[in-house]
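Only one structure is covered here, and it is reproduced in the block below.
Only the coordinates and a few stated rules stand behind these numbers; no lab work does. What you are looking at is a predicted structure, and each value in this text was computed from that prediction instead of being measured. Here the Cβ is made from the backbone with ideal geometry for all residues, glycine too, and neighbour counts use every protein chain on show.
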Amino acid sequence: MGQDVNQLADSAKSLYDQGQYREALALYEQISAAQVKDSELFYNMGNCYTRLGEMGEAKAFFERALIFDPSNADAAYNLDWVNLRITDALVEPRQELTEWLSIVLRGIADANTWAMIGWSVLAIATLLLLLHRFGNIRVSWRINLTVTLVGLGLLGAGFISTPKNTNAIVISPSSYGYSEPSTQSTRIVMLAEGSAGKVLSSEGEWHYIELGDGRRGWFTAEQWMRVFPELKLD
Amino acid sequence: MKRIGRLTGLWVAILLSSAVWGQGIQINASSSRTTVGLNEPFRIHWSWSARNTKLTPPNLQDFIIVSGPYQSSQTQIINGSASFTRKVSYEVVATKEGRFTIPPATLMEGGKLYKSNPLNIEVKQGVKRKNSLSQKAKESFDVQILTSKKEVYVGEPIVLLMQAYLYEPVRDLNMLQAPNFENVLQKELDFEQSQRGEMVGGKLATILDFSKRLILPNKPGTLGGQELKISGKVQVPTGRRDFFGMPLTKFVQEVATAKIPAVKIKPLPTPKPADFSGAVGKLNFVREVSRSTISGDESITIKVRVEGNGNFNTISVPDLLQPQGFDVYDPKYNESIRYSERGVRGFKEYEYLLVPQFKGEFILPEMRFTYFDTKSQDYKTVIAPADTLKVESNDLAATPAKGSGNEGVEKREVKTIDEDIRYLQQGDFEPYSEIQLKKWSWIVLLLVALGWGIQALPRKEKAVVPTSKRKDLKRGVDQAFSAKQTDRYGRMLNALEELLLEQGIGREENHESALEKIKGEEVAAEFSYVKERCLMAQYAPVSAADDAELVTRFDALWDKM
């Protein structure tokens, strides 16, 4: 399976080099459909969209690449490049402290790695506790407590570093925000392609989105792309 | 005598009240005339016999109330019979010809509803007035509407001047009905009312200009026919004179009417220019640029304005054709519109703020505004010519390369960035295996919690004698026996007790039985023997052979324990 997707990736790269960006993108989408979730894959998809002039999608995929690897400098660079060329003049969605911490931790290791280290340390703590109770080797409770706390901290880092990004990007030329999930309601705001917001909830074919300046409105879901669709909304 | 007077008064009051309240309430409706001319004032009366009651008049939808209600009441005593009457009157005019029935007025008293009789009124054109004073009043009061133009284009203003012609003094002028229009904007103009004397038809008339209105028609057609009704009290000479020979006069209520003369509203000539948006008048279009050369940290203000004389109620200012390389913020709107006899004058303006995003020279595209000039009666286009905006800054990126599909874009953040994106990344792609992070974490946490939990379980306390201590005890006993120390038996007993404590047998317990449970009967018996020998030897001297045997048995017991 791993070999198949890498062959597809090679083919996609060749197509990209020949300027056949749409075809290259189709192959990358096949790879993505095979449950590959690599920062490099999303970065390459972002590149294809950039070459096709679809800046909304490009922005979404570069941000997605950075979720899976915040240290992907190329993705950060290309995201800046795209941001400079889209017409959105709105404030970007605010980053909360936990989100910032999550990015910092993911820059060191991904959530699964943090969790597995945490599990291992906690398993050692459990072993020491059993020895303390039943074995002949006497281990100080201070050591047990320290190992347990370190394990819990590592496990906590695993949970914090799990991406909780609810951002979405406008991928159509424009998107109207309404006061209610209906085109008959009052139009509140019009956003250009590449504008970003946080999806607060979804109702049918509508997203309830908060913009960076605090305004909220209902937008047609098909005009937006979730940066991290794996995260289920409350 | 005084008493008789009081009694008489009381009887009169009783008689009065019984006369008034003894019968039901009757409401009588009447009018001053049953056949009236159009716009001829006449009175309608309702009278009824009840105190402290309120009459509800009917809906007079086919008539205009000129004045009223007038209320009066009277009490009559005739041959000892008292009657009380209240009366309400209105002065009205009919708005159209025909036969009309005025519905009954109603009155509620004691939970019962009383009704008047209905009134039938016939309204005719040109009915000769019975009263010569009324006829004279009619001839002494007239109104007229003048229009500034007989023919206008859609969007071209017309001024209506309303004048009253007074041949006799008139007071209490009141506009009963103003001309009503559709598809027009109308504004009452502020002006100083004036009056002047003029000969009209051989008679001296006072002409009073009492209202001016500006009309802006929105659709082609004909304007006219709308009616104006003015009421006033005309001071008419009665033809009689008073004691001093001065002529007597009387104020007679009169209603004068006039219709707006027909004004033709012409459609705008065709073909209309493609960019024509309905502006009519004498207008000017201006685009003002605050500065054409700026540095990267400065901004430009551009004002787009339509000004002059025209139909500002429908004029819209063209949107700014934005230059490339600038971030354009939402514009600020300004307007100033004044209505006068010369039409509608003022301006509408949008003020845009532009922030540069790239350094370089940018073209501010040409803008056009087309309107219909009512003076020359043709379409005119005002052009704001193309201009060049120059942004000089080392801090800004250069303009995006042409053909990249990114020309003409604006952005908020200004960063120096290369011309192109970075190339593809080559990764070793592997399908993502989802780890049940939460599930496994709960399991691990549960195990740790159990680990800590079992620490809290009670454990049997043991007096554990460390191995080194045990050796010390044994060595101490051996040395004491070798040196034949006097306390050697006590040391042996202490060593055994320490050993028992190690087995979990306390000092207070029965050592033999406890030891029997743990180590068996043989060890318990041996312990008992050694203990007894030690106790006896402390008080009775023993031979060296006995000591040697005791030590041998002690050693054997020690090993077993």
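Over all other residues within a Cβ to Cβ distance under 9 Å of B:Glu151, the charged ones net out to +4, with Lys and Arg as +1 and Asp and Glu as -1.
Placing unit charges on each Cβ (+1 for Lys and Arg, -1 for Asp and Glu) gives chain A a dipole about its Cα centre, and among A:Ser174, A:Leu66, A:Thr220 the Cα reaching farthest toward its positive end belongs to A:Leu66. Annotation: the residues B:Met561, B:Met108, sorted from fewest to most other C-beta atoms within 10 Å of their own C-beta, follow the order B:Met108, B:Met561. Listed by chain and number, the lysines placed with their C-alpha closer than 21 angstrom to that of B:Lys332 are B:Lys303, B:Lys348, B:Lys411; residues fewer than eight positions away on the same chain are left out. Taking the fewest neighbouring Cβ atoms within 10 Å as the starting point, the ordered list for B:Trp46, A:Trp81, B:Trp442 is B:Trp442, A:Trp81, B:Trp46.
Look at where the Cα atoms of the stretch B:266-303 and of the stretch A:1-46 average out, and the two centres are 50 Å apart. Computed over the stretch B:15-128, the convex hull of the alpha-carbon atoms projects to a mean area of 7.8 nm². Taking only the alpha carbons of the protein assembly as shown, we obtain Rg and Dmax values of 54.8, 183 Å in that order. Measuring r between the beta carbons of B:Ile518 and B:Trp440 and using R0 = 45 Å, the FRET efficiency lands at 0.50.
In chain B, the calculated helix contribution to ellipticity at 222 nm averages -7000 deg cm²/dmol per residue, counting -39,500 (n - 2.57) for every DSSP H run with n ≥ 4. Kirkwood-type hydrodynamic radius, chain B: 38.2 Å, calculated from all non-identical alpha-carbon pairs.
Here the alpha carbons of chain A define both size measures, Rg and Dmax, at 22.2, 77 Å.
Three principal axis extents describe the C-alpha atoms of the stretch B:89-202; from largest down they are 60, 40, 28 Å. Taking the C-alpha atoms only, the angle from helix A:73-83 to the longest principal axis of chain A is near 30 degrees. Legend: ranking of residues B:Glu198, B:Glu526 from fewest to most surrounding C-beta atoms inside 10 Å; resulting order B:Glu198, B:Glu526. Against the longest principal axis of chain B, how steep is helix B:437-455, in degrees 0 to 90 to the nearest 10, with axes from Cα atoms? Helix B:437-455 sits at roughly 40 degrees to that axis. One Cα centroid belongs to the stretch B:153-182, the other to the stretch A:129-197; the line between them spans 75 Å. Each of B:Thr206, B:Leu160, B:Gly504 was scored by the projection of its Cα onto the charge dipole of the protein assembly as shown, and the greatest displacement toward the positive side belongs to B:Thr206; charges sit on the C-beta of Lys, Arg, Asp and Glu. Using every pair of separate Cα atoms, the Kirkwood estimate puts the hydrodynamic radius of the stretch A:165-226 at 11.0 angstrom. Computed about the Cα centre, the dipole magnitude for the stretch B:133-265 is approximately 280 debye when only Lys and Arg (+1) and Asp and Glu (-1) carry charge, each at its Cβ.
For the stretch A:2-83, the spherically averaged projection of the C-alpha convex hull amounts to 4.8 nm².
Relative to its residue count, the stretch B:494-553 spans a Cα convex hull of 82 Å³ per residue.
Candidates B:Phe554, B:His45, B:Pro356 compared by Cα position along the dipole of chain B: farthest toward the positive end lies B:His45, with charges placed on Cβ.
The stretch B:506-543 and the stretch B:184-220 have their alpha-carbon centroids 142 Å apart.
For chain A, the dipole from Cβ point charges (+1 on Lys and Arg, -1 on Asp and Glu) about the Cα centre works out to 1020 debye, to the nearest 20. The convex hull around the C-alpha trace of the stretch B:133-265, projected and averaged over every direction, spans 9.2 square nanometres.
R0 = 22 Å: FRET efficiency of B:Ala545 with B:Arg475, Cβ-based, nearest 0.05? Between B:Ala545 and B:Arg475 the formula returns 0.45. Distances between every pair of Cα atoms in the stretch B:265-377, grouped in 5 Å steps from 0 to the bin holding the largest one, split as 2, 10, 20, 19, 15, 12, 9, 7, 3, 2, 0 percent.
Each Lys and Arg contributes +1 and each Asp and Glu -1, all at the Cβ; summed about the Cα centre of the protein assembly as shown, the dipole is approximately 7040 debye. The three principal axes of the Cα atoms in the stretch A:111-160 give end-to-end lengths of 37, 15, 9 Å, sorted in falling order. Per-residue shielding of A:114-127, expressed as the average number of other chain Cβ atoms within 10 Å of the residue Cβ, stands at 4. Over all other residues within a Cβ to Cβ distance under 13 Å of B:Val304, the charged ones net out to -2, with Lys and Arg as +1 and Asp and Glu as -1.
DSSP beta bridges confined to the protein assembly as shown are antiparallel in about 90 percent of cases.
Cα-based radius of gyration for the stretch B:231-282, normalised by 2.2 N^0.38 Å, reads 2.76.
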